[in-house]
1. Which loop-located GluC sites (Glu not before Pro) does segment 224-269 contain, where loop means any DSSP state but H, G, I, E or B and the Cβ has at most 13 other Cβ atoms within 10 Å?
2. Where does helix 174-186 land angle-wise versus the long Cα axis of the chain, in degrees 0 to 90, nearest 10?
3. Pull up the DSSP beta bridges for the chain and report the antiparallel fraction as a percent, rounded to 5.
4. What percent does the relative contact order of segment 100-236 come to when contacts are Cα pairs within less than 8 Å and at least six residues apart?
5. Count the net charge of all other residues whose Cβ sits under 12 Å from the Cβ of T172, scoring Lys and Arg as +1 and Asp and Glu as -1.
6. In degrees between 0 and 90, to the nearest 10, how far off the longest principal axis of the chain does helix 247-262 point, with axes built from Cα atoms?
7. To the nearest Å, what is the center-to-center distance of segment 257-282 and segment 382-438, using C-alpha atoms only?
8. What Cys residues in the chain are without a partner cysteine, judged by a Cβ distance under 4.7 Å?
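Rule-based calculations on the coordinates, nothing more; no lab input. Bear in mind that the values here come from a model prediction, so they are computed numbers and not experimental data. Positions of Cβ are generated from backbone atoms using ideal geometry, with glycine treated the same way; all protein chains shown enter the neighbour counts.
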Amino acid sequence: MTVEVDTVIVGAGFAGIGMGIRLARRGDDSFVVLERAADVGGTWRDNTYPGVACDIPSHLYSFSFAPKHDWSRFFAPGAEILDYLRHCALEIADRLRLGTEVLDARWVDDRWHVSTTTGDFSCATLVMAVGRLSEPRMPPTPGIETFPGEAFHSSDWRARDLAGTRVGVVGTGASAVQLVPRLADEARSVVVFQRSAPFVVPRPDFAYSAADIRGFEQNPRSRETLRSELFWGMETGFAARVGLPGHLDSLRQTARDHLEAQVPDPALRADLTPHYEIGCKRVLLSNDYYRTLTLPTVTLEPSALAAVDGERATAQSGAHHDLDVLVFATGFLSTRPPFARRIFGRDGANLADAWSGGMVAYASTTVHGFPNLFVIDGPNASLGHNSAIVMIEAQIGYVLAALDDDAAVLEVSLEAQRRYTDDLDARAADTVWLGGGCESWYVDASTGRLTLLWPDLAYAFRDRLAEFDRAAYL
Ligand code: NAP
């Protein structure tokens, strides 16, 4: 039996839950939210490694339409964000279909036919809200099958007692800098395999006092003011990304001072000094990562993991490290999302093929050849300097405006999509993401295009998507 609804939303993380809530609040109840996992929460459900937290301030990393006055800290721990999302999802509990994985979605006879592990759906509109951090990247490691201990990805944390163990961590991204200090608290020793050094700046975290929380509760205006201040404060971070004089130097100096203050050993400091411009990769926030690397029980291996033979891990440098546990904090398949392989649009075109030259979308949301498909948090919709939730809300608003249009079928024209992409490429050209001398997952490796990030201020994205531009559609 096929279930008929107006809209199918795929994914129950921030984007999917937010989309569902906004639909429900306008009285639209002909939708379902399909989620392959047994719980909502997306990245915050999957990432439970020790130390997991958000490095965007809590009051900005939450929906403007579902505010929470009692965030415990300036930067919320992961578990608190998951609780928040679970609470938000209660509003659309009857629309959630958990444990339901989309196998494929096909546009036939002006409808999407979605086949899943629990049954089929037919809908006019398909909203992909699966996030960009949902498919772990596990680098192929020769000999990994001979490793006698546990080897797993940071987003697949398996709670265990690490006391007395020798742990290796591969990768030095946002996840690694959070988990390495916590592992060092517990394990007998930790080796960090660093392919390239990240820039790390101080993390101005603090706990909100009971008085703060009462104030936010009694005076919602103060919460809104804070949110606005945080948003505009973070917007200034964009100046460094486009290399405005002074801003880049000042950000780089902050990171250098932080390294100098926490790492007295010049040799270790040299290994921890990045060889590219700051901001080219995500700038990391940590007060204890550098300090942890100076502990006698912690070793920085300044090269990537090359191979494993039994318990012996060999780095590119030729150094050996004997380990009991291996954690791959190696990021996610973001530029080539596997879900695209499962989407078939007009005339059977496959989304992964349409994106074979890198992800593209008009308004970062709609794709030529894929009528009535909306992709949230997909091509050019992420940020390196401000909150992802602001972007998700802008895209949700755009989808709602499209749904209000009279046309039953909306397909963006190829010309509009090309113009939009050309415009983004022009904006990206002078940014540190393309010119900063690093390799990052913001950039599509095969084409060199910046396909993940929106290369401008967050408010420019909000403005750009504030109206549904019907003329761009066939
Ligand atoms: P990531 O930023 O992609 O970092 C992956 C790390 O693994 C990098 O150091 C990378 O080295 C290394 N790596 C990847 N493939 C490798 C290989 N084949 N051999 C050796 N090293 C390899 O991943 P992540 O740390 O999981 O973070 C992903 C994203 O999640 C972040 O950028 C951020 O958007 C989000 N996140 C956010 C927070 C938050 O607080 N908001 C916290 C955690 C994660 P190279 O640098 O040399 O490529």
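1. Working: sites: E224, E229, E235, E260; in loops: none.
Of the GluC sites (Glu not before Pro), not one in the loops of segment 224-269 has a Cβ with at most 13 other Cβ atoms within 10 Å.
2. Value to nearest ten degrees: 40.
3. Details: 26 of 65 bridges.
Among the beta bridges of the chain, antiparallel pairing accounts for roughly 40 percent.
4. Values: 105 pairs, mean separation 16.5, N = 137.
In percent, rounded to a whole number, it is 12.
5. Details: positive: R195, K281, R282; negative: D271, E301.
My count for the surroundings of T172 gives +1.
6. 40 degrees
7. Between the Cα centre of segment 257-282 and that of segment 382-438, the gap is 33 Å.
8. C54, C88, C123
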